[in-house]
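The values are calculated or read from the model by the stated rules, or taken from the named source; none is laboratory data. For clarity, every value in this text was computed on a predicted model and none was experimentally measured. Cβ: placed from backbone, ideal geometry, glycine included. Neighbour counts: every protein chain shown. These area figures cover heavy atoms from the full protein model, side chains too; ligands, DNA and RNA do not enter into them. Shrake-Rupley method; radii C 1.70, N 1.55, O 1.52, S 1.80 Å.
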Amino acid sequence: MTAIPSITLNNGVPVPQLGFGTYKLPAEETRDLVLRAFEAGYRHVDTAQMYRNERAVGEAVAASGIPRDELFVTSKLNNAFHAHDDALAAFDRTLEELQLELVDLFLIHWPLPALDRYTEAWGALEEIYRSGRARAIGVSNFQPNHLRRVLDAGTVVPAVNQVEVHPWFGNEEVRAFDREHGIVTEAWSPLGRGRVLDEPTLARIADAHGRTPAQVVLRWHVQRGDVVFPKSATPSRIEENARIFDFALDADEMAAITALDRGERTGSHPDEENRTDR
Ligand SMILES: NC(=O)c1ccc[n+]([C@@H]2O[C@H](COP(=O)([O-])OP(=O)(O)OC[C@H]3O[C@@H](n4cnc5c(N)ncnc54)[C@H](OP(=O)(O)O)[C@@H]3O)[C@@H](O)[C@H]2O)c1
């Protein structure tokens with residue numbers, strides 16, 4: 001397999017541009033599927049307290065035999081823990097669940113603007129960062145107005161903003177804001193949860209390259225400079241999704257995929273997600 005390139009975060013830490021998403025993987029299969037991804041060449045795995053699978057991810061890391069410094073592990077602060085002390089305690093539990101001494105990236109999962117404690121949570125993440133137990137910190141689902149407040153209140157610029165991006169939802173305003181502030185955009189649900197894959201435009205481009213629509217979509221993301229971590233519980237797709245670094249889309253193909261944008265999210269709008277019970 002062609003090597004997976006890395007992107008350098010604003011603090012110098014490299015992140016592999018392709019990772020493995022773990023949201024909604026079947027609990028009893030998560031460990032084996034993450035191991036499968038490592039075998040297919042992935043070195044980056046995206047989990048979260050909310051996914052309730054940090055332990056299985058940690059077991060896969062331990063069982064893989066891959067040196068820890070060759071792996072990139074991300075987790076995220078759950079919505080119930082924005083208060084400073086709660087965030088610190090929740091982070092300790094993340095390390096315990098993962099059985100790791102540090103994570104490579106730790107994010108605030110949702111801003112929860114109605115609760116309005118995300119700048120407090122950011123203060124806790126800065127402490128975690130300074131302690132050396134997270135090599136980088138960032139946010140997820142932050143709109144520019146949320147990010148501006150973090151930039152004003154904090155001393156560390158978030159290294160990433162993990163937000164929904166796929167051909168039906170380009171999220172261009174947020175991506176532009178991230179870019180202007182040296183924040184790497186990570187595209188969640190990069191395949192639109194599989195729903196975008198029947199687009200005829202994708203079939204046409206896939207045929208022209210002898211690839212699948214999923215490979216074409218993932219290639220589009222990486223050529224745009226975003227980080228992606230498609231999720232699949234299907235071993236053949238896990239491998240397929242990693243074979244995207246040995247072909248390239250031309251400018252017309254890139255533009256045709258970008259033109260599929262119809263402003264359609266598969267998940268919550270960040271201003272409307274206010275659940276603290278999961
Ligand atoms: N920060 C956040 O708020 C947030 C929110 C959502 C997601 N995420 C992260 O982003 C990751 C990816 O997003 P996602 O899981 O929502 O959706 P996704 O990766 O866009 O799509 C996953 C779906 O696509 C299917 N699929 C995968 N590869 C395929 C292929 N090659 N051909 C056809 N179908 C394929 C999968 O089916 P099978 O599994 O049946 O193969 C699954 O139904 C998550 O796992 C999570 O780590 C973060």
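So in the range 143-180, with the set limited to residues that are closer than 30 Å to GLU101 by Cβ and open to solvent by 10 Å² or more (accessible area, probe 1.4 Å), which one is farthest from the ligand (Cβ to nearest atom)?
THR155
The rows are residues; the columns are (1) touching a residue at least 60 places away in the same chain (Cβ under 8 Å); (2) under 21 Å from ASN53 (Cα atoms); (3) under 19 Å from the mean Cα position of the chain (by Cα).
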{"site": "PHE91", "(1), (2), (3)": "no, yes, yes"}
{"site": "THR94", "(1), (2), (3)": "no, yes, yes"}
{"site": "TRP110", "(1), (2), (3)": "yes, yes, yes"}
{"site": "ARG117", "(1), (2), (3)": "no, no, no"}
{"site": "LEU147", "(1), (2), (3)": "no, no, yes"}
{"site": "PHE169", "(1), (2), (3)": "yes, no, yes"}
{"site": "PHE177", "(1), (2), (3)": "no, no, yes"}
{"site": "GLY182", "(1), (2), (3)": "yes, no, yes"}
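Consider GLU70 carefully, then state whether it is over 21 Å from ALA233 (Cβ atoms), surrounded by fewer than 18 Cβ atoms within 10 Å (Cβ to Cβ) and either of a type in the set (D, E, K, R) or within 11 Å of the ligand (Cβ to nearest atom) (or both). Can you show your working first?
Values: over 21 Å from ALA233 (Cβ atoms): yes; surrounded by fewer than 18 Cβ atoms within 10 Å (Cβ to Cβ): yes; either of a type in the set (D, E, K, R) or within 11 Å of the ligand (Cβ to nearest atom) (or both): yes.
Here the answer is yes, as GLU70 does meet what is asked.
Before we move on, is THR201 away from the ligand (no atom under 12 Å from the Cβ) and among the hydroxyl-bearing types (Ser, Thr, Tyr)? Give the steps one after another, and end with the answer.
Values: away from the ligand (no atom under 12 Å from the Cβ): yes; among the hydroxyl-bearing types (Ser, Thr, Tyr): yes.
Considered against the rule, which asks whether it is away from the ligand (no atom under 12 Å from the Cβ) and among the hydroxyl-bearing types (Ser, Thr, Tyr), THR201 comes out as yes.
Among the residues of the range 127-142, write down those that are among the polar types (S, T, N, Q) and within 14 Å of the ligand (Cβ to nearest atom).
Looking only at the range 127-142, we keep the residues that are among the polar types (S, T, N, Q), and these are 131, 140-141.
Residues satisfying the conditions are SER140, ASN141.
Being within 10 Å of the ligand (Cβ to nearest atom) and over 27 Å from ASN161 (Cα atoms) is the requirement here; does THR234 meet it?
Numbers: within 10 Å of the ligand (Cβ to nearest atom): yes; over 27 Å from ASN161 (Cα atoms): yes.
Spelling it out, THR234 is indeed within 10 Å of the ligand (Cβ to nearest atom) and over 27 Å from ASN161 (Cα atoms).
Considering only the range 210-223, state which residues are touching a helix residue (DSSP H, G or I) at 6+ places or on another chain (Cβ under 7 Å) and either open to solvent by less than 30 Å² (accessible area, probe 1.4 Å) or more than 12 Å from the ligand (Cβ to nearest atom) (or both). Can you show your working first?
So the first thing to find is which residues in the range 210-223 are touching a helix residue (DSSP H, G or I) at 6+ places or on another chain (Cβ under 7 Å), and the list is 212-218, 220, 223.
Within the range 210-223, ALA214, GLN215, VAL216, VAL217, LEU218, TRP220, GLN223 meet the criteria.
Name the single residue, out of those in the range 13-33 being more than 18 Å from the chain's Cα centre (by Cα) and more than 14 Å from the ligand (Cβ to nearest atom), that is nearest to ALA134 (Cα to Cα).
Kept after step one, since they are more than 18 Å from the chain's Cα centre (by Cα), are these residues of the range 13-33: 26-29, 31-32.
Narrowing further to those that are more than 14 Å from the ligand (Cβ to nearest atom): 28, 31.
Details: GLU28: 27, ARG31: 22 Å.
If we take residues in the range 13-33 being more than 18 Å from the chain's Cα centre (by Cα) and more than 14 Å from the ligand (Cβ to nearest atom), then ARG31 is nearest to ALA134 (Cα to Cα).
Is there any pair linking a residue in the range 125-144 that is acidic (Asp, Glu) to one that is modelled with pLDDT of 95 or more and in a helix (DSSP H, G or I), with Cβ under 8 Å and at least six apart or on different chains, and which?
Within 8 Å, the pairs are GLU127/LEU88.
Can you pull out the residues in the range 200-214 that are in contact (Cβ under 8 Å) with a residue 24 or more places away in the chain and within 26 Å of the chain's Cα centre (by Cα)?
THR201, LEU202, ILE205, ARG211, THR212, ALA214 - these are the residues of the range 200-214 that are in contact (Cβ under 8 Å) with a residue 24 or more places away in the chain and within 26 Å of the chain's Cα centre (by Cα).
Residue-wise test of (1) assigned to a helix (DSSP H, G or I); (2) touching a residue at least 60 places away in the same chain (Cβ under 8 Å); (3) in contact with a strand residue (DSSP E or B) (Cβ under 6 Å, 6 or more places away or on another chain).
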position	(1), (2), (3)
ILE7	no, yes, yes
TYR23	no, yes, no
GLU28	yes, no, no
ASP32	yes, no, no
ALA37	yes, yes, yes
ALA62	yes, no, no
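Within the range 116-132, does at least one residue satisfy the condition of being open to solvent by less than 10 Å² (accessible area, probe 1.4 Å), out of contact with any strand residue (DSSP E or B) (no Cβ under 9 Å at 6 or more places or on another chain) and at pLDDT 95 or above?
no
Among what's in the range 224-261 and is in a helix (DSSP H, G or I) and either of a type in the set (Val, Ile, Thr) or under 16 Å from the mean Cα position of the chain (by Cα) (or both), pick the residue that is surrounded by the fewest Cβ atoms within 10 Å (Cβ to Cβ). Steps first, answer last, please.
Just the residues of the range 224-261 that are in a helix (DSSP H, G or I), to begin with: 235-242, 251-258.
Checking the rest, the ones that are also either of a type in the set (Val, Ile, Thr) or under 16 Å from the mean Cα position of the chain (by Cα) (or both) come to 238, 241-242, 257-258.
Working: ILE238: 22, ASN241: 27, ALA242: 20, ILE257: 25, THR258: 13.
Taking the candidates together, the pick is THR258.
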